[in-house]
1. Looking at the range 310-339, which of its residues are among the hydrophobic types (A, V, I, L, M, F, W, C), free of Cβ contacts under 8 Å to residues at least 40 places away in the same chain and open to solvent by less than 10 Å² (accessible area, probe 1.4 Å)?
2. Please go through the range 433-454 and pick out each residue that is at pLDDT below 90 and not in a loop (DSSP other than H, G, I, E, B).
3. Test residue 457 against the criterion of being within 15 Å of residue 323 (Cα to Cα), among the β-branched types (Val, Ile, Thr) and modelled with pLDDT of 90 or more, and give yes or no.
4. Scan the range 172-182 for residues that are at pLDDT 85 or above and either among the small types (Gly, Ala, Ser) or open to solvent by less than 40 Å² (accessible area, probe 1.4 Å) (or both) and jot them down.
5. Mind checking whether some residue in the range 236-255 is modelled with pLDDT of 75 or more, open to solvent by 20 Å² or more (accessible area, probe 1.4 Å) and touching a Phe, Trp or Tyr at 6+ places or on another chain (Cβ under 7 Å)?
6. Restricting to the range 308-339, count the residues that are within 21 Å of residue 411 (Cβ to Cβ) and assigned to a helix (DSSP H, G or I).
7. Output the qualifying pairs, or none if there are none: Cβ atoms under 9 angstrom, residues six or more apart or on different chains, first residue in the range 209-220 and touching a residue at least 24 places away in the same chain (Cβ under 8 Å) and more than 14 Å from residue 178 (Cα to Cα), second residue in a loop (DSSP other than H, G, I, E, B) and hydrophobic (A, V, I, L, M, F, W, C).
Amino acid sequence: MTHATKPSSSSSSSSSSSPSPESSPSTSATTNSKKNSSGKNSSDHSLLDLVGFRAGLDESYRLKRQSALLTLSGQEEGDKEAGVGVREGGLGGDRKPWGYWKDISQIKTSVEEFWEGLNISSSAIPNEMLLRLYDAHGLRHAIYKQGGRETLAYLLGTDYIPGDFRQAMSFPEVQALVDAGVIVPHGDPQSQALLSPPPSLQHQRIERRLVIGPRGGAVILNERLKTTRFPPSHGKHDKDGVPGGWKYQNRTVWSMEKLADECYLVAEEHSAALHLPLLFFPKISDLVGWGRANMINTIRRYGGYESVVCSLGFIPFSQWSYFCRFYLLMKDLKTYLDEEEGGRREMPTLRDIKRAGYHRLHSEVARNGGRKLVAARLGLPLKAGSGERGKFASRISYGTFDFDFGVALLEYIMNKCWAQHPRERAGRKEREKVNLFLPTAEELVGDERRDLLEKIIRYGGFENVARRLQLGFKS
C-alpha cells in the first residue's frame, strides 16, 4: 500500500521510529489545505452551508493549539529556564512505535520519564487531569488499556495519585506542582483571579494552569484567560458587564425550569450565529462545540433529546435539517434554471450542474435519489437528450405539479418558522412527532394566501402535496 505523504522510500529499518516534530505540522497543514480546497461551495453562503455546523471545531484548531502549547512550554526565544512543572521535551512527548504500550515495563519507564520531565523523582501513576494537562495522551491510553490507575499500580507495585484533588494534595508530587504554581488549589486568591480575571487581564497569555474546584474537581485553563472558544452565555456577566470565560460550575441537579432557560439561551445564540429560526434547536453533539456539554446529562435525565426539545417548543435537528436541505435544493435549482437555462423548466443533467459551479445542488440532487427521481417529484421533464428513454424514468409518476408553486410553498413555511417563538409553541402544548406541517386551509385563508390553497387542491389535495414535499399534514 503506497502513501502519498511518505517522506522517502529509503527508510527501511528506521520506519518504526517516531516522526520528527518538524515534519508533523507541515503534513497536517497539507492535509488541512486539501480538505479546505475540496469542500468549497461556489454558491452563496446561505442556510445549507450552516446546517450541521460544528461551532468551535475548526479544522485548523489542532495546529493552532499545538503551536500555542509549544509557545507556552518554553520553546520560544528568551524562555525561562526549566523548573518544576515545566517539561523540557514538549508537552505531548514523542509518538511511540507500534506495540510499545503492550509491554508493562515500558509503561513504567514512561511514567518515570513523565515525572522526570517535570523535574520530579517518582514512579506513582499520575491521575487523568495531570496527564491531560501535559498532553500525555499516549500514556493515558496505555493506563486505560491496562485497567486503570489502581490496576496498573497493583501490577507495578507502586502508588497512584487519586483523581479527587482533595486527597491528591497529600502526595509530594502534587505539592511540588502546587509550589511551582502549576496547580492552583481551591481557596487560593489566584484561583478566583484566573477564573474571573479583571478586564485589564482579559485575553492575556498565561501558562497552562490546573485550577482545583471546591469538590476536588479541576479545570485546565487554556493559553489565554477567558478563552473565546465558548459562547458568551457559558460565563455569566461580571460586575463590569463583561460576559464569557471559564466558570467552575457546581455539580448540582438542574430543575426543568433551569434547563428550559438554558435551552432558550442556546437557541438564541444558535439562531444569531447560523441565521436560523429560533425553532430550530441544534443537535446534541453540537452542544459540545458550543461549550454546553453540561446540558447533555440533564436533557437525558428529563426524557432525552426528542422529548425535551419538543416539550420546549423546538423542532428537532433531524426534522429541520432535512427540510432545510430540500428547501435549498429547490431554491438552488430555481436559480440555476433562471440563470443558466433561460427560465426553461427542465431537469438538467448532473454534469451540467457541476460545470456551472453549483456543487451544493449537485450533491443534494444525488442525495435525494438522483436527477430522474427528483425531476418526477418536482414535476420537471428531463432535459432533451439526457437519457429520458430509460425504463426507470418512465415508471416514476407523482402526477402533475408546478415547480414554482413548490418553491413558494416552502418559502411560506420557512417564513412561518421565522415568525414563531418556541415559548409560544410550548404554551400550545404541541407534542406531535412531526413538527413541520403543511399549512391548513384556515391558516392560508387567514394569511391571505388563497393562491397556495387553490394550487394545493389542484395538485391532489393536502395529503398528496405533503407526501411529495415530505411534510406532515393535519387531516
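The values are calculated or read from the model by the stated rules, or taken from the named source; none is laboratory data. As the structure is a computational prediction, the values presented were derived from the model and not from experiment. Reconstructed Cβ throughout: ideal geometry from the backbone, glycine too, with neighbour counts over all protein chains shown. SASA here: full protein model, heavy atoms, side chains in, ligands and nucleic acids out. Shrake-Rupley method; radii C 1.70, N 1.55, O 1.52, S 1.80 Å.
1. Within the range 310-339, just 337 meets the criteria.
2. 437
3. no
4. 173, 174, 176, 177, 178 - these are the residues of the range 172-182 that are at pLDDT 85 or above and either among the small types (Gly, Ala, Ser) or open to solvent by less than 40 Å² (accessible area, probe 1.4 Å) (or both).
5. No, the range 236-255 has no match at all.
6. 21
7. Every condition considered, the pairs that remain are 219/246.
Yes or no, residue by residue, for (1) at pLDDT below 90; (2) surrounded by fewer than 18 Cβ atoms within 10 Å (Cβ to Cβ); (3) part of a loop (DSSP other than H, G, I, E, B):
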| residue | (1), (2), (3) |
| --- | --- |
| 94 | yes, yes, yes |
| 97 | yes, yes, yes |
| 101 | yes, no, no |
| 106 | yes, yes, no |
| 129 | yes, no, no |
| 132 | yes, yes, no |
| 140 | yes, yes, no |
